[in-house]
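Presented below is the structure to which this report refers.
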Amino acid sequence: MQILKTVAEMKAACRAISRTEKKSGFVPTMGALHAGHISLVRTARQQCDVVAASIFVNPVQFAPNEDLAKYPRTLQEDCRMLEAEGVDLLFTPDAAEMYPTGASTVVNVAALSGRLDGASRPGHFQGVATVVAKLFHIVAPDKAYFGQKDAAQVAVLRQMVRDLDMDVALIVCPIVRETDGLALSSRNRYLGAAERQQALALQRSLQQVERLFAQGERSSKKLIAAAQQVFAAEPAARVDYITLVDWATLLQVEIAAPGHLFAVAAWIGATRLIDNVILSRPGFLASGGDEVKVVE
Ligand code: AMP
């Protein structure tokens with residue numbers, strides 16, 4: 001595995017590949033890797049000739065009051081894991097490399113960026129879109145791999161790729177969970193033992209919603225109320241949002257239908273966690289094109 005730290009080196013390595021017939025896949029991450037990240041890498045490995053990954057804790061997607069300074073950094077172990085998965089290129093720039101003094105261009109996916117996590121984390125999706133746009137220009141992959149875990153992020157990036165005519169297919173991979181159902185997240189490391197139990201409320205609320213939906217409940221109000229009830233039984237968890245939306249627009253829907261996204265965000269102590277389920281898991285985005293596909 002080649003590790004490249006500068007934009008120029010990474011571009012040169014990626015351009016050398018794109019001059020060949022080889023298809024490239026790209027997995028952007030912020031490191032502190034777990035089995036969720038590795039599932040993206042494995043899917044990329046299966047689908048592409050060459051796999052590139054990046055590890056960059058992107059400062060511009062963190063608000064000043066957020067956890068940028070304490071975000072877990074485990075670069076050595078991450079490199080070992082990626083190497084073991086057969087990753088070919090790893091890009092690990094520092095902040096000054098990605099945002100040299102004077103950098104002032106941002107990518108703002110209007111409207112979508114203010115919904116779901118964007119409503120509670122102002123500026124977050126602008127930071128995400130900006131860094132992913134830069135990474136796409138540097139790497140120029142044929143396919144890029146993202147987790148359904150960050151479903152709103154997928155919606156924002158998908159809109160960006162369309163609006164800016166980017167030649168990359170976004171592949172969305174299913175959420176990888178612990179055996180007890182907690183969605184894997186780099187931020188789970190922040191949880192104490194009691195909080196780790198409280199965090200299960202997110203998954204429990206989604207299971208309850210899935211059950212009701214399978215039984216025929218279609219009222220979004222009732223599904224949301226059922227999820228709220230699960231959280232009411234876990235008072236240590238503080239709900240940020242519980243919502244049912246169209247995955248493409250992130251706009252709330254009144255009547256639930258297969259393909260809609262039921263998403264929750266909650267604070268467990270000082271840690272904000274997110275999770276979601278696509279109702280009925282149809283395998284494809286409800287109102288999206290073929291390029292955004294849930295890999296089963
Ligand atoms: P992050 O390092 O948190 O920015 O995540 C990098 C990529 O891994 C994103 O596309 C995430 O959606 C994805 N990811 C994070 N957690 C999971 C998970 N539990 N299952 C699947 N993908 C995940």
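The values are calculated or read from the model by the stated rules, or taken from the named source; none is laboratory data. What you are looking at is a predicted structure, and each value in this text was computed from that prediction instead of being measured. Ideal geometry is used to build each Cβ from the backbone, glycine not excepted, and the neighbour counts take in all protein chains shown. We work out accessible area using only protein heavy atoms, side chains counted, and drop any ligands, DNA or RNA first. Shrake-Rupley method; radii C 1.70, N 1.55, O 1.52, S 1.80 Å.
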- [ ] Give segment 263-296 a look and list any residue that's modelled with pLDDT of 95 or more, in a strand (DSSP E or B) and over 17 Å from L182 (Cβ atoms), or say none.
- [x] I278
Task: Where Q159 falls short, out of the listed (1) within 17 Å of L261 (Cα to Cα); (2) open to solvent by 30 Å² or more (accessible area, probe 1.4 Å); (3) touching a strand residue (DSSP E or B) at 6+ places or on another chain (Cβ under 7 Å) - done: (3)
Open item on the list: Condition (residue is within 19 Å of A237 (Cα to Cα) and near the ligand (Cβ under 10 Å from one of its atoms)) applied to segment 155-173: is it met by at least one residue?
Closed with: no
TODO: Residues being closer than 16 Å to A270 by Cβ and of a type outside the set (V, I, T): count how many of those fall in segment 236-250.
DONE: 4
TODO: Kindly list, by first and then second residue, each pair from a residue in segment 94-122 that is closer than 18 Å to M160 by Cβ to a residue that is open to solvent by 60 Å² or more (accessible area, probe 1.4 Å), limited to pairs with Cβ atoms under 6 Å and residues at least 6 apart or on different chains.
DONE: V106/Q126; N108/Q126; S113/Q126
TODO: Kindly check whether there is at least one residue in segment 100-120 that is within 13 Å of the ligand (Cβ to nearest atom) and more than 21 Å from K11 (Cα to Cα).
DONE: yes
Task: Residue check for F136: over 17 Å from the mean Cα position of the chain (by Cα), under 30 Å from K23 (Cβ atoms) and aromatic (F, W, Y) - done: no
- [ ] Check segment 82-92 and report whether any residue there is modelled with pLDDT of 95 or more and either within 29 Å of S120 (Cβ to Cβ) or of a type in the set (K, R) (or both).
- [x] no
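Yes or no, residue by residue, for (1) part of a helix (DSSP H, G or I); (2) surrounded by 15 or more Cβ atoms within 10 Å (Cβ to Cβ):
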site: V209; (1), (2): yes, yes
site: Q229; (1), (2): yes, no
site: Y241; (1), (2): no, yes
site: W247; (1), (2): no, yes
- [ ] State which residue is nearest to the ligand (Cβ to nearest atom) when the search covers only segment 19-36 and only residues that are over 13 Å from N188 (Cβ atoms) and not in a loop (DSSP other than H, G, I, E, B).
- [x] T29
TODO: Among the residues of segment 55-71, write down those that are farther than 27 Å from D167 by Cα and either more than 14 Å from the ligand (Cβ to nearest atom) or buried (at least 17 other Cβ atoms within 10 Å of the Cβ) (or both).
DONE: F62, A63, P64, N65, A69, K70, Y71
- [ ] Run down R196, R218 and say which single residue is open to solvent by 70 Å² or more (accessible area, probe 1.4 Å) and either outside the structural domain of D67 (by TED's automatic domain parsing) or within 16 Å of V277 (Cα to Cα) (or both).
- [x] R218
Open item on the list: Return the residues of segment 124-140 that are outside any helix (DSSP H, G or I) and closer than 16 Å to D163 by Cα; say none if nothing qualifies.
Closed with: none
Open item on the list: Of everything in segment 5-54, what is touching a Phe, Trp or Tyr at 6+ places or on another chain (Cβ under 7 Å) and open to solvent by 10 Å² or more (accessible area, probe 1.4 Å)? Give them in sequence order.
Closed with: M30, L40, T43
